[in-house]
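The values are calculated or read from the model by the stated rules, or taken from the named source; none is laboratory data. Every value quoted in this text rests on a predicted model; they were computed, and no experiment measured them. Please note: Cβ atoms are built from the backbone with ideal geometry, for glycine as well, and neighbour counts cover all protein chains shown. Note: areas computed on protein heavy atoms with side chains; ligands, DNA, RNA excluded. Shrake-Rupley method; radii C 1.70, N 1.55, O 1.52, S 1.80 Å.
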Amino acid sequence: MGSPSRPPCRRTNGEPVSTPTASTAQSWPSSTAGAIAAAEAHSAHNYHPLPVVVASAEGAWMTDVEGRRYLDMLAGYSALNFGHGNRRLIDAAKAQLERVTLTSRAFHHDRFADFCTQLAALCGKDMVLPMNTGAEAVETALKTARKWGYKVKGVPPGQAKIIVAANNFHGRTTTIVSFSTDHEAREDFGPYTPGFEIVPYGDLTALSHAMSANTVAVLLEPIQGEAGVLVPPHGYLAGVRELTRERNVLFIADEIQSGLGRTGKTFACEHEGVVPDMYVLGKALGGGVVPVSAVVADAGILGVFKPGEHGSTFGGNPLACAVALEVIAMLRTGEYQQRATELGEHLHAELNPLIGGGAVEAVRGRGLWAGVDIAPSRGTGREISEKLLDRGVLVKDTHGHTIRLAPPLVISKEDLDWGLDQLRAVLSGA
C-alpha cells in the first residue's frame, strides 16, 4: 500500500503493546480482496465500507487480515469511546458470560437493579427503560412522548406532534426515516409515519412558531453527528429548554453519539448547563462490546408505561447490564471526560490552522470530535478517506465533502499527532 511506518501501538499509560498479527486472528479468507468479495457475494449492499478487513484491534489500533495496522479515528461512531478490547470491559463481559447472559424480561436478574439505579443516578433521573440499539431507544422515546402527551398533557387521541430538526440522524426505522431530510435514508421507504414537524437546526424562532397545543416533544441531537458534527449556536440548547418548559413540552436529547464522554462532558447538553426531560443513550453505553441503549427520564414520564405496553427480549439482559455497569463506573471517575477535553483542545488547535489554506473549508466540533469540510479541489470526503487508509488512518466521510474524526478517548497524544500528520500529508498532496 505504500503506507508510512506506523508508530508503536501504546496503552493509555504510554507503554508500547504488542500488535496482533493476521495469523492470530483465524480469519477466512485471509486476503483483503478475498474477504471483501465473499462479503459482497452474500450480504445486502446497504453499506459502502472502505476496502479494509479488520481482524483484531486493541486500544486505538486495528490490524487487518494481512497484518497491516491502522489508527482508528472513528471509534465505531463513538461506540468505542473506551477503545478496542478495553480490559475492564472485557473482564466484566467474561465474568458475566460464565454466569448468565439472558433471562428475558419474563424474570428478574441480579444485574438489572444495579444497572437501572446507577444509570439513573449518572443522568440525575428516576427511571431507566433499557433497549439494545440506538434506533430502538429513539423509537422508545417517541412512544414515551406520545403516551405522556395523551395520558398526562391531555392531547386528543391521535393528535400528538413531535418536532425534530432538519439534517437529523436518529436511526433508520420506518418511523425515524419518516422525519429524515436525508434523501438516501428516506427515499422508497414510504408510506411515512405522520405526526412530525421538521424545523431548521439551531433556529429558536422556527421552533417556537412550530409549537402548538398538541406538541408533546422536541427531539434533538445536541450536536448533529451524521450531518458532519454540526454544533448549534451558543444558547440554542438553553433556549430549547426554556421554550419546552414554558409550553409543557418534553425536551428529548439524543445523546447516542454525543454522550458518555465524547465532548468532554458526560453529556453534550452540559456545555450549556441544560438538563433535558429525557436522555436517549446508546453506542458507548455498551463499550463497543455489546449493544446497549436506554431511555432515561423521571417517573412522571417513564411511569406512563404499564406491563405489556412496550418491551424487548434482549433489552436490559445480564450481559448488557454487566458491561454497561462498568462503563458507568468508568465515567464516574471523570478521567475520560478530562481526556476528551484535553485531547479535544489539542485536536482543534491542530485542525483550525488548516482552514483557509485551500484544502479545508471548515472545521467544527467539540471535545474529541470534529467534522472537517474538504475543499472540492482536494477531492471528495470518500477520496480523502481512501488516501488516509493508504497511510494507515481510518476515518469516514459523510455528505460528500466532510470527514469525521472521533478517535477513542484512550488514544495517546503521540498517536493522535501521528494521525493528524497523515491528514496534513494527504491534504498537501504528499
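For the range 332-371, enumerate the residues that are in a strand (DSSP E or B) and more than 23 Å from the chain's Cα centre (by Cα).
Ile355, Val360, Glu361
For Cys321, work out the one condition from (1) under 30 Å from Ala95 (Cα atoms); (2) assigned to a strand (DSSP E or B) it doesn't fulfil.
(2)
Any chance you could count how many residues in the range 272-289 are open to solvent by 30 Å² or more (accessible area, probe 1.4 Å) and out of contact with any Gly (no Cβ under 8 Å at 6 or more places or on another chain)?
3
How many of the residues making up the range 211-238 are under 12 Å from Cys269 (Cα atoms) and of a type outside the set (Ser, Thr, Tyr)?
Counting residues in the range 211-238 that are under 12 Å from Cys269 (Cα atoms) and of a type outside the set (Ser, Thr, Tyr) gives 10.
On the basis of being under 18 Å from Ala284 (Cα atoms), over 15 Å from the mean Cα position of the chain (by Cα) and not acidic (Asp, Glu), does Ile374 make the cut?
Answer is no for this residue.
Which residues, taken from the range 262-292, are in a strand (DSSP E or B) and either more than 17 Å from Leu129 (Cβ to Cβ) or under 14 Å from the mean Cα position of the chain (by Cα) (or both)?
Answer for the range 262-292, where residues must be in a strand (DSSP E or B) and either more than 17 Å from Leu129 (Cβ to Cβ) or under 14 Å from the mean Cα position of the chain (by Cα) (or both): Tyr279, Val280, Leu281.
Touching a Phe, Trp or Tyr at 6+ places or on another chain (Cβ under 7 Å), of a type outside the set (Ser, Thr, Tyr), in a loop (DSSP other than H, G, I, E, B) and at pLDDT 95 or above, is that true of Gly158?
Considered against the rule, which asks whether it is touching a Phe, Trp or Tyr at 6+ places or on another chain (Cβ under 7 Å), of a type outside the set (Ser, Thr, Tyr), in a loop (DSSP other than H, G, I, E, B) and at pLDDT 95 or above, Gly158 comes out as no.
State whether one or more residues within the range 408-415 are under 28 Å from Thr32 (Cα atoms), of a type in the set (Lys, Arg) and either in contact (Cβ under 8 Å) with a residue 60 or more places away in the chain or open to solvent by 50 Å² or more (accessible area, probe 1.4 Å) (or both).
No - not one qualifying residue is present in the range 408-415.
Among the candidates Gly400, Gly381, which residue alone is of a type outside the set (S, T, N, Q), under 23 Å from Ser258 (Cβ atoms) and open to solvent by 10 Å² or more (accessible area, probe 1.4 Å)?
Gly400
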